[in-house]
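Chemist: I am attaching a structure below and will ask some questions about it afterwards.
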Amino acid sequence: NGKIEWAMWANEQALAAGLILLTGGIVGVAGQFRDREFAAYSIAAGVFVCLLEYPRGKRNKGTSVERTGQYCFTVCVKSFGPLTRNYYVRAFLHAAICVPGGFILAAVLGCVCLGIASLIYLAAAIRGEQWEPILPWKESARKPVGESIKLPPQNPPPRPPAEMRRKRAEDLEAAAYVNPIAVTANDD
Amino acid sequence: MGNWIINHGLSSFILVVWMAINIFLFLWFYFFYDLGDQFFYTRHILGSALAWARAPAAVLNFNCLLILLPVCRNLLSLIRGSFMCCGRTMRKQLDKNISFHKLVAYMIGLMTAVHTIAHFLNVEWYYNSRLGKYDDLSMALSSLDDSGNTTFLNPIRSTTTTPTLLVFTSVAGITGVIITLSLILIITSSMEVIRRSYFEVFWFTHHLFIVFFAGLVIHGAGRIVRSQTTTNPLHNATFCKDRIDDWGKIQECPVPQFAGGFPQTWMWVIGPMILYVCERLLRFIRYMQTVKYRKIVIRPSKVLELQLVKNGFKMDVGQYVFLNCPAISQLEWHPFTMTSAPEEDFFSVHIRSVGDWTQKLISIVEQLPEGAEGPKMGVDGPFGTASEDVFDYEVAMLVGAGIGVTPFASILKSIWYKFKDSNPKLRTRKIYFYWLCRETHAFEWFADLLQLLEREMEERGMGSFLTYKLYLTGWDQSHANHVMVHADADTDVVTGLKQKTNYGRPNWDKEFEQVRKENPTSVVGTFLCGPAVLATVLSKKCVKYTDVDPRKTKFYFNKENF
């Protein structure tokens, strides 16, 4: 807890950038701006970035907080293996995606935000960070329970033979014991 | 319902007033731009996108004014002090300063989005108009140039530019992009995940607010939003709009003149900006004052206790200070609650290793040779929090979770001193203290304090003054076994105290019932320093167990937060 994992911030920034790209694209298309092909691209790019960045990666140290309902996204992103695990790839990918956004006004903000996210991911990659999926707690993580505990006992508990356990009438002193709780006779 | 009013009434009222002002500003300026005659021609090109851009701008002015105020800690302390007479409900509102700061920030974010989108549309419409894609009137208006006896309406002067180019060659455009970017970076680095785990990233990026305010103030300097000025003779837009060819030729329709609005944002934000600058200056002055070490102790579980002395330093219970250690970082100030009582001639903090800064501090101190002076430290504060009020309540319920027990160390010590001196300021007759902790190690330094208090109270026959319950929330089988074996011992096996440790979490309903039963007519103050979840639980219980009848028990909830 404490060491800065840049990827965590890069992720927030990239997700925000995705949303901004998406919004800018919608404005461009709905407002029928010129060069609205770029606006349409912006929508697609925004959606793609959001899908990629929605599942948070696992932190190296400390507890990882999942975003609501991110499990299915985690599975999707995980399936691309090294392409999504490696932050150099993400940094390059975001840098490439953001460029066409710079061509229309409505997507300029999204473009710059994504560019910044790309730089932060680059910093994360240089520091050796990786994207690890947050997966549900596996059964094997629990301490393995011995198999014998699941079967009922086969043998009676060890005891001395019955003759020794029986109270002897000859030796009253040894047979007697003190009650832990005081016993009083019922007077009524 | 009545209970809710007692506990949340004033906060809700303040929120309603704030929202009402926002709505009023939005609507007022919306209709100002959507109906005003001087914007008739502007609206012809832009439609209602003009009003949709200017209305959030007004709301932004208001909220940018507000956002700096909740973080002027010294100002807040001043207000708290002068409100001492006005009842605790008023003063409690100041505890929620950070929540309000966040709320205002959300509003700024939302309004920025609306404002930016509307201006994207505006720029596009202006661009289209300039290229003649709209009607003749639009064309005529856009052709008006800033030469001779005409003034322009459409800020796009050339036909070869693009909307993006316009944005990056105008003051409004460049400042707009820069400050929006700053805002976005501030917001992403302020997300809970980042703030709680990587405080330095949050704190440094947050200083982009300086860029934000600088850009904000000059954002309107280009006067890009134009309105029609009064000419002599008057140009009646409704009459003249269909007579474009006659403009400047007939008396009723001289060529219409336009001018940009005077930038107003600076008028809104200059006050708070000055206040905030004063706030930071005060912090700097305090930093320059000498701070000496009286004692340095490394406690179990990597807790560092620093006892410091500073000239003229006066504190109250439960207050916190900001510490700065130039050896670790020149710029970072970190908050710590004080664990000493005001009656002592020093002040102390207990620091736990939770991040980069605290870790470095602890390792520096660990490597100090025996008897050496600690690293140079700057101290700003003290700053007030809810704990100051604890002595005003006849009955107090104090709940500390984990390291959140820290302010209560200060309170309990102060009580001990006040009690010994029979201080009349102490209105408290009874204290219930609940300490929740996951593991036993962290108990030690606090357990020592409780042992001391236990002994003192026994000596004076005041055993009933302080009731405390300890809850070990992270117990496992080995703990349980250990306790079972030693069940007969006189003192608790874990803490060495006479009162036994409980396992698991407290049953709050039972606890509140007990407090209410034992104090049927009192005002009970509940103080928590711990996680937000617990705060929700406790504040709900306070509402639940408070009687609307003013003669019966009333619970007030106070939360510490950093």
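The values are calculated or read from the model by the stated rules, or taken from the named source; none is laboratory data. Just so it is clear, the model here is predicted, and its values are computed rather than measured. Every residue, glycine as well, gets a Cβ built from its backbone with ideal geometry; the counts of neighbours run over all protein chains shown. Only protein heavy atoms, including side chains, enter the accessible area calculation; ligands, DNA and RNA are left aside. Shrake-Rupley method; radii C 1.70, N 1.55, O 1.52, S 1.80 Å.
Chemist: Quick check, is residue A:91 in a helix (DSSP H, G or I), within 14 Å of chain B (Cβ to nearest Cβ) and surrounded by 15 or more Cβ atoms within 10 Å (Cβ to Cβ)?
Modeler: no
Residue-by-condition table, conditions (1) surrounded by fewer than 19 Cβ atoms within 10 Å (Cβ to Cβ); (2) within 11 Å of chain A (Cβ to nearest Cβ); (3) touching a strand residue (DSSP E or B) at 6+ places or on another chain (Cβ under 7 Å):
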{"position": "B:102", "(1), (2), (3)": "yes, no, no"}
{"position": "B:132", "(1), (2), (3)": "yes, no, no"}
{"position": "B:165", "(1), (2), (3)": "yes, yes, no"}
{"position": "B:176", "(1), (2), (3)": "no, yes, no"}
{"position": "B:188", "(1), (2), (3)": "no, yes, no"}
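Chemist: When you check residue A:59 against the structure, is it in contact (Cβ under 8 Å) with a residue 12 or more places away in the chain and either touching a strand residue (DSSP E or B) at 6+ places or on another chain (Cβ under 6 Å) or under 21 Å from residue B:166 (Cβ atoms) (or both), yes or no?
Modeler: no
Chemist: For region B:490-518, which residues satisfy the criterion of being open to solvent by less than 10 Å² (accessible area, probe 1.4 Å) and modelled with pLDDT under 85?
Modeler: B:497
Chemist: Can you tell me which condition residue B:206 does not meet? The list is (1) surrounded by 15 or more Cβ atoms within 10 Å (Cβ to Cβ); (2) facing chain A (nearest Cβ under 9 Å); (3) under 31 Å from the mean Cα position of the chain (by Cα), and all the others hold.
Modeler: That leaves (2) as the condition not met.
Chemist: Can you find a residue in region B:419-426 that is open to solvent by 30 Å² or more (accessible area, probe 1.4 Å) and part of a strand (DSSP E or B)?
Modeler: There is no residue in region B:419-426 that is open to solvent by 30 Å² or more (accessible area, probe 1.4 Å) and part of a strand (DSSP E or B).
Chemist: A follow-up question, please. Considering every residue within region A:25-45, establish whether at least one is buried (at least 24 other Cβ atoms within 10 Å of the Cβ), facing another protein chain (nearest Cβ under 9 Å), in contact with a helix residue (DSSP H, G or I) (Cβ under 8 Å, 6 or more places away or on another chain) and among the small types (Gly, Ala, Ser).
Modeler: Yes, there is a match, as at least one residue in region A:25-45 is buried (at least 24 other Cβ atoms within 10 Å of the Cβ), facing another protein chain (nearest Cβ under 9 Å), in contact with a helix residue (DSSP H, G or I) (Cβ under 8 Å, 6 or more places away or on another chain) and among the small types (Gly, Ala, Ser).
Chemist: May I ask you to list pairs of residues, at least six apart or on different chains, whose Cβ atoms are under 6 Å apart, with the first in region B:253-276 being more than 26 Å from residue B:213 (Cβ to Cβ) and the second being among the hydroxyl-bearing types (Ser, Thr, Tyr)?
Modeler: B:254/B:231; B:255/B:150; B:257/B:151; B:257/B:229; B:257/B:231; B:258/B:151; B:259/B:229
Chemist: Can you tell me which residue among B:365, B:321 is among the hydrophobic types (A, V, I, L, M, F, W, C), crowded, with 17+ Cβ neighbours inside 10 Å and within 30 Å of residue B:525 (Cβ to Cβ)?
Modeler: Checking each option against the conditions leaves just B:321.
Chemist: If you go through region A:116-130 one residue at a time, how many are open to solvent by 20 Å² or more (accessible area, probe 1.4 Å) and within 28 Å of residue A:27 (Cα to Cα)?
Modeler: 2
One line per residue, one yes/no per condition, for (1) surrounded by fewer than 20 Cβ atoms within 10 Å (Cβ to Cβ); (2) away from every other protein chain (no Cβ under 13 Å); (3) among the polar types (S, T, N, Q):
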| position | (1), (2), (3) |
| --- | --- |
| B:180 | no, no, yes |
| B:192 | yes, no, no |
| B:230 | yes, yes, yes |
| B:243 | yes, yes, no |
| B:251 | yes, yes, yes |
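Chemist: What number goes with the only condition from (1) more than 14 Å from chain B (Cβ to nearest Cβ); (2) open to solvent by 30 Å² or more (accessible area, probe 1.4 Å); (3) within 21 Å of residue A:120 (Cα to Cα); (4) aliphatic (A, V, I, L, M) that residue A:77 does not pass?
Modeler: (2)
Chemist: Further question: For a quick check of your reading: which strands (runs of 3 or more DSSP E) sit entirely within region B:283-399 and have at least 2 residues that are within 27 Å of the chain's Cα centre (by Cα)?
Modeler: Of the strands (runs of 3 or more DSSP E) lying wholly inside region B:283-399, those with at least 2 residues that are within 27 Å of the chain's Cα centre (by Cα) span B:320-324, B:334-337, B:347-352, B:378-383.
Chemist: Residues in region A:74-93: is at least one within 23 Å of residue B:192 (Cα to Cα) and hydroxyl-bearing (Ser, Thr, Tyr)?
Modeler: Yes, region A:74-93 has at least one match.
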